[in-house]
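One structure below.
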Amino acid sequence: MNLSEFMNTEIVAGNTLWRITGLFGLLLVGFTAGKLLKFILSRRAEQLREPRPIIAATLGAIGRAAPFLAFALGLAAGTSLLVLNGASELVGTCVAIVVTLAISWTAICLVDAPKAWMTQRAGQTESKLDDMLAPIVSKSLIATIVVLTVVQIAQILSGKEITSILAGLGIGGLAFALAAQDTIKNLFGSMVLLADRPFEVGDRIVVDSTDGTVETVGMRSTRVRTLTGHLVTIPNGELANKSIENVTKRPHIRRIFNITITYDTPPAKVAEAKAILEEIMKDHEGMDPEFPPRVFFNEFQNSALNLFCIYWYHPALWWDYLALTERINMQILERFNEAGIDFAFPTQTVHLAGDPSRPLEVGVKGS
């Protein structure tokens, strides 16, 4: 038996050896070519990651998709060599689904290219809105690709026109919308947050009892890292309807405090204490001329004379503000001690009968 006769030997269902060999050969060639392309593109993407991030992301995406796509193309070419007889429709449907999945996977991988472009643009601007948009846009593109893939597979399996499928999906979509109304609510909530921009990624916000830094804003929820280190996930639908305090956007930090001195302090010493406080807080490092410090002798308390003090620190840098606060407190303590001005604390005074400095009339009046 020569080689031609050997290769034309029937193996199964009318398929000769050369047809079977061609199928597996094309599958092997496609898979090997895909793996080789992935290796080459991945190496090149690593080299271009710093100077050309967008090109690197595109090459890396193509590299990830190459094995599956090459395998699907090899399968489509290989099955065309077979004698399928009555199974041609079934095999054709399966091959069409595999090719559709491979193309969809390629499109999903290529979403990394616009994501890299948006990330690069976000790094060139001061606004952090782009940081919020990049993940949302990429997830939206992936969701769109998945929906189109499902519609395409449904068309392949049913053999109906896409308009009929879309009409059926419309009825099913209504039922799905009722079942997934919370998810839809969160999706619209994310759109409201992007439109109103009450905060950006990296801002410190306070929502109800949650106080922390915004880490990510997704399509469904926003993740906040609290000051204690815990990660809190807040649905966007709820977040859009809540009062949000953006601590990062405050223009300054205001401090209000009271200095209490004893009741036996002479008026001259009270005036001196007020002057000392004004001098200590005057022209401090975080002062804005439009917000000068203020000191007032404003109240006679139960056990003390009260000096009301207020100052503002610009900009709102928390640790710098605390350092200034510590210096002011130390200076107040030192200057009051030097001046002999006593700080007050809650006390009670008991007046005794017979005290010549505070005479009391104790007795019963006669009739």
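The values are calculated or read from the model by the stated rules, or taken from the named source; none is laboratory data. Please read these numbers as outputs of a predicted model, since none were measured by experiment. Cβ coordinates were reconstructed from backbone atoms using ideal geometry, including for glycine residues, and neighbour counts include every protein chain displayed.
Would you mind stating whether LEU90 is within 26 Å of SER138 (Cβ to Cβ), at pLDDT below 85 and out of contact with any His (no Cβ under 9 Å at 6 or more places or on another chain)? No. Does region 299-309 include one or more residues that are under 24 Å from GLU338 (Cα atoms), among the polar types (S, T, N, Q) and within 47 Å of the chain's Cα centre (by Cα)? Within region 299-309 (the criterion being under 24 Å from GLU338 (Cα atoms), among the polar types (S, T, N, Q) and within 47 Å of the chain's Cα centre (by Cα)), the answer is yes, since at least one residue qualifies. Which residue is nearest to THR119 (Cα to Cα), if the candidates are limited to region 202-233 and must be among the aliphatic types (A, V, I, L, M) and at pLDDT 85 or above? Result: VAL214.
Within region 299-338, the set of residues being under 22 Å from GLU272 (Cα atoms) and either among the charged types (D, E, K, R) or touching a Pro at 6+ places or on another chain (Cβ under 6 Å) (or both) comprises GLU299, SER303, TYR311, GLU326, ARG327, GLU334, ARG335, GLU338. Only one of the listed residues (LEU90, LEU73) is of a type in the set (A, V, I, L, M, F, W, C) and out of contact with any helix residue (DSSP H, G or I) (no Cβ under 7 Å at 6 or more places or on another chain). That residue is LEU90.
When ALA177, ALA143 are checked against the criterion of being loosely packed, with under 13 Cβ neighbours inside 10 Å, assigned to a helix (DSSP H, G or I) and at pLDDT below 75, ALA177 stands alone in meeting it. Checking each residue of region 265-283 against the condition of being under 42 Å from the mean Cα position of the chain (by Cα) and on the phi > 0 side of the Ramachandran plot gives at least one match. When restricted to residues that are buried (at least 16 other Cβ atoms within 10 Å of the Cβ) and either under 11 Å from the mean Cα position of the chain (by Cα) or small (Gly, Ala, Ser) (or both), region 233-247 contains 3. Taken over region 200-217, the criterion of being part of a loop (DSSP other than H, G, I, E, B) and closer than 20 Å to ALA316 by Cα is satisfied by GLU200, VAL201, GLY202, ASP203. Residues that are more than 44 Å from the chain's Cα centre (by Cα), aromatic (Phe, Trp, Tyr) and at pLDDT 65 or above within region 1-46 comprise TRP18, PHE24, listed in sequence order. How many residues are surrounded by fewer than 15 Cβ atoms within 10 Å (Cβ to Cβ) and part of a helix (DSSP H, G or I) if we restrict to region 48-90? The number of residues fulfilling the criteria is 6. From ARG197, ARG250, ARG225, ARG220, grab the single residue that is basic (Lys, Arg), closer than 26 Å to TRP312 by Cα and either loosely packed, with under 15 Cβ neighbours inside 10 Å or not assigned by TED's automatic domain parsing to the domain that holds LEU307 (or both). Residue meeting the stated conditions: ARG250.
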